[in-house]
Structures are given as C-alpha cells and as structure tokens.
1. Go through segment 144-158 and count every residue that is under 20 Å from ASN218 (Cα atoms) and open to solvent by 40 Å² or more (accessible area, probe 1.4 Å).
2. Output the residue which, of all residues in segment 169-187 that are over 14 Å from THR203 (Cα atoms) and within 19 Å of the chain's Cα centre (by Cα), is surrounded by the fewest Cβ atoms within 10 Å (Cβ to Cβ).
3. Taking segment 206-239 as the region of interest, how many residues are in contact with a Gly (Cβ under 8 Å, 6 or more places away or on another chain) and more than 22 Å from LEU146 (Cα to Cα)?
4. So ILE190 fits all but one of (1) within 15 Å of the chain's Cα centre (by Cα); (2) at pLDDT 90 or above; (3) open to solvent by 50 Å² or more (accessible area, probe 1.4 Å); (4) over 18 Å from TYR123 (Cα atoms); what number is the exception?
5. Name, by its number, the condition in (1) open to solvent by 10 Å² or more (accessible area, probe 1.4 Å); (2) touching a helix residue (DSSP H, G or I) at 6+ places or on another chain (Cβ under 8 Å); (3) within 24 Å of ALA118 (Cβ to Cβ); (4) touching a residue at least 40 places away in the same chain (Cβ under 8 Å) that does not hold for VAL228.
6. Among the residues of segment 233-242, are any closer than 22 Å to LEU113 by Cβ, open to solvent by 40 Å² or more (accessible area, probe 1.4 Å) and either at pLDDT below 90 or not hydrophobic (A, V, I, L, M, F, W, C) (or both)?
7. Being within 24 Å of ALA51 (Cβ to Cβ) and surrounded by 23 or more Cβ atoms within 10 Å (Cβ to Cβ) is true for just one of THR199, THR195. Which residue is that?
8. Quick check on segment 127-148. Is at least one of its residues in a loop (DSSP other than H, G, I, E, B), farther than 20 Å from MET241 by Cβ and over 17 Å from the mean Cα position of the chain (by Cα)?
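The values are calculated or read from the model by the stated rules, or taken from the named source; none is laboratory data. Since this is a predicted model, take the numbers as computed values, not measurements. Virtual Cβ from ideal backbone geometry, glycine too; neighbours counted across all protein chains shown. Each accessible area value is taken on the protein alone, full model and side chains, heavy atoms only, with ligands, DNA and RNA left out. Shrake-Rupley method; radii C 1.70, N 1.55, O 1.52, S 1.80 Å.
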Amino acid sequence: MRKQMKMGMRVVATSAMMAVLSICAYAAPNVMPDGQTFDAEYYAAVNPDVAAAIGTDEAALYNHYVQFGKAEGRLAYEGDTGNTESASENSENTAEEAENNTGSVITVTDEFLQNAAATHSYYKYLTAEQAAQADAVAKGIAESILSNPDYDTDLAKVRAAAIAVLSYTRKGVYGNDAARYYRSPYGVFISGNYTCAGTARATGRILDYMGYTWQHVNENQYQHQWCVLTMDGQTGFADGMAGLAMYGDGWASGDSITIELENGATATWSLAS
C-alpha cells in the first residue's frame, strides 16, 4: 500500500501565541491573550457535544468558542451572561444578520457538491453511509462559519475552516490505516485517522459547502498536500493540517511561511520530513 510522507509542523511564535496553543485545561476561568475570560473545564462540561467532538484541550475548546460557540450563544465561563445579550437573543440576531449578509448561508446546489465529490475523490473505499456522516460534519462547520458575521472576508472564512480541521486532528492519529480512512474527510471527522491528504480533502469539503472551488496541490504524491483557491479576488491557500490559510500559493514557494501577528510579533510554520 502506498504510504504518505509524514510532514511535521513546527510553530515558532511569541509566548502569548504559545499560551493560546498550550495543551492544558484550567479548573478556574483564565484570561486569554485576547482578553476574553474562558474556563475550558466549564465549557467542556456544559457542552458535552463539543467535548465529544474535539476533546478537552483548552486551545481546541477556546478555538471552538471563538469560531462557533459565541455566535451560537454558548457561555465561556460560569456566570457568563453572553456579554450584552442573552443566548436566545444572540442566536436570533445571528440568524437575522446571516440572512442580510450576502453569502452567509449555504446556497450551493446538490449538483455542485456531487461534482466536487467526484473531482476530489473524497469517498473512495468508503460506503455511502460513511460519506454522509462526513458530509454532515463538513456542512455543519460550513454553516457555523457562514452564519458568523465576524467572518466578513473569504480569508476569514477559509481560515476558520482550516482551524476547524486542525481541531479534529488533535484528537486523531496521524498515519495510514488499513481501511484507508486517512485519505478522506471521514478519517479526519469520524474515525480519527488522518494524513495531509485527508486534511486537504476535509478542508476542501468544508470549502465545497461554502461555495468555493479549489485545487488539491500534490494530490496522490509523496509530498505535503493542501488546498489552493481564489479568496477575495486573489490566489490563496488553506492547510487543514497546519490550521493555516493565507493569500499566496502556500508551500509552493518554500518549506516555511512567516506571518506577522496582530501584536507585531511573527509566527513561522515550517515543514520537516
């Protein structure tokens, strides 16, 4: 059986950035680097569906809260009142904003989705039921992203998709499995087996449900794989294994990517064979 080359991700950033990525769970509310009060233990306890999907890692739970939970009316810590609105009001307002925001709801056709599935060979070796399970997760992530008015650019939406895929890999196992789930969205979302091929396809399936057309870089090759697409009128890329999306052609220009963070520091992603 053909084996995928394992690509290691190394992140070099400031201590604040590493604090967000640290693997730990706090028993009391913690002030995150962006100023938000968040209690990972509480969030996991009151949202068992989230904990079942992504585990109890603080960084993963906080990413979920920022990307999806806050807009869904989930509370960040015991005693949280949902900031200025109740959960129900927040949910209603989010839905209203989604209706008024062009592109904020899934409008892709079944034909578009079927053509994308055929083009990218998502579910080779899998049953129709397994494909439907993975599609349900991809669709749910896409809906959460598109209904969030904070994601007002293609880049913001695509980056949220890449980070969502990264969150799933944190509770999975890297490497080939006999059933070949590793190469598919099913492996990433359901069975917990993944490689760069699988994360590329998992990211791509979310992009399908958001209406984007994308290309699979290095598909079926012994090289790192990712998605390339048009974002905000220019070429961009998304890498679910790194949780990264940016303008440009991604790793095609070299083995490392450096970005400037909002606080002026830099973060570097590097590939290592």
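1. 0
2. In this case the residue turns out to be VAL173.
3. Residues that pass the stated criteria total 2.
4. If we test ILE190 against (1) within 15 Å of the chain's Cα centre (by Cα); (2) at pLDDT 90 or above; (3) open to solvent by 50 Å² or more (accessible area, probe 1.4 Å); (4) over 18 Å from TYR123 (Cα atoms), just (4) comes out false.
5. All conditions are met except number (4).
6. no
7. From the options THR199, THR195, the qualifying one is THR199.
8. The answer is yes, given that some residue of segment 127-148 is in a loop (DSSP other than H, G, I, E, B), farther than 20 Å from MET241 by Cβ and over 17 Å from the mean Cα position of the chain (by Cα).
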